[in-house]
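The values are calculated or read from the model by the stated rules, or taken from the named source; none is laboratory data. Note that this is a predicted model, so its numbers are computed, not measured. Cβ: placed from backbone, ideal geometry, glycine included. Neighbour counts: every protein chain shown.
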Amino acid sequence: MIYSLDGILRSVSNDFFVLECGGVGFKCKSDFKTIGNLSSLLNLQVKVFTRLIVRESSWDLFGFKDIRNIEFFDLLTSVTGVGPKASLSILSIFSPDQLLHIINQNNVETLTEANGVGEKMAKRILLELKGKIKQFSVSSGVILPDNNKKEALSALEVLGYSKKDVLSILEKLDSSLSVENIIRSVLKKIGK
């Protein structure tokens, strides 16, 4: 699994960008907001957080500049019948904070403003995510003290560890540790 990429931004298109890392160009699909933010960074060093979605007919890599966007991309794609395309459409017009507000307010009409999101899909998203967003708050993401612990949690989940198994260990670790040291500490405590 590819958790993040750090490389030179070589190309930006309407719905994807290409990040060159070690001579290999990674095509990452993304939302319009991320694409817009990246367009001014052409030929510069950029770090993005990624999700690889493997299907029978394709392997697609999705990239986001902000870790909160990838958290909400994961939430949206966890909803029955909501794929990456609809998730990107939603993230193209709503920030994570706006989505939290829409979900808390059960605002079907506003959610249908996203291209390809009809009333039926909007209702399903609101219904399924209502209980899942309790772990999020406006501008704070997952309830952990800092971004390093959030990044470490995401990386550990990519490695196959469940959030339930590692949260109690993460909460006891020093917030000033680097992401790498946090991951090492968790793995040592788990016994790997």
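For the stretch 150-184, which residues satisfy the criterion of being in a loop (DSSP other than H, G, I, E, B) and hydrophobic (A, V, I, L, M, F, W, C)?
Kept after step one, since they are in a loop (DSSP other than H, G, I, E, B), are these residues of the stretch 150-184: 159-162, 173-178.
LEU159, LEU173, LEU177, listed by residue number.
Checking SER13 against (1) polar (S, T, N, Q); (2) free of Cβ contacts under 8 Å to residues at least 40 places away in the same chain; (3) closer than 29 Å to ILE133 by Cβ; (4) surrounded by fewer than 19 Cβ atoms within 10 Å (Cβ to Cβ), only one condition comes out false. Which one?
(3)
To keep it simple, each residue is scored yes or no on (1) in contact with a His (Cβ under 9 Å, 6 or more places away or on another chain); (2) assigned to a strand (DSSP E or B); (3) farther than 22 Å from ASN115 by Cα.
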residue: SER11; (1), (2), (3): no, yes, yes
residue: ASN14; (1), (2), (3): no, no, no
residue: PHE17; (1), (2), (3): no, yes, no
residue: ASN43; (1), (2), (3): no, no, yes
residue: SER57; (1), (2), (3): no, no, yes
residue: ASP74; (1), (2), (3): no, no, no
residue: SER89; (1), (2), (3): no, no, no
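If you go through the stretch 85-96 one residue at a time, do you hit one that is at negative phi, of a type in the set (Phe, Trp, Tyr) and at pLDDT 85 or above? First the steps, then the outcome.
Keep residues of the stretch 85-96 that are at negative phi, which gives 85-96.
Narrowing the set further to residues that are of a type in the set (Phe, Trp, Tyr) leaves 94.
Filter once more, keeping what is at pLDDT 85 or above: 94.
Yes, because at least one residue in the stretch 85-96 is at negative phi, of a type in the set (Phe, Trp, Tyr) and at pLDDT 85 or above.
Among the residues that make up the stretch 103-110, is at least one of them over 14 Å from the mean Cα position of the chain (by Cα) and acidic (Asp, Glu)? Talk me through it step by step, then tell me what you get.
At the first step, the residues of the stretch 103-110 found to be over 14 Å from the mean Cα position of the chain (by Cα) are 103-110.
With the extra rule that they be acidic (Asp, Glu), the set shrinks to 109.
Checked against the condition, which is being over 14 Å from the mean Cα position of the chain (by Cα) and acidic (Asp, Glu), the stretch 103-110 yields at least one hit.
Can you work out which of the residues in the stretch 116-134 that are assigned to a helix (DSSP H, G or I) and within 19 Å of the chain's Cα centre (by Cα) is surrounded by the fewest Cβ atoms within 10 Å (Cβ to Cβ)? Spell out the reasoning first.
Applying the first criterion (assigned to a helix (DSSP H, G or I)) to the stretch 116-134 yields 119-129, 132-134.
Subset that is within 19 Å of the chain's Cα centre (by Cα): 125-126, 128-129, 132-134.
On the way: ILE125: 26, LEU126: 18, GLU128: 17, LEU129: 21, LYS132: 12, ILE133: 15, LYS134: 8.
Across the stretch 116-134, the extreme among qualifying residues is LYS134.
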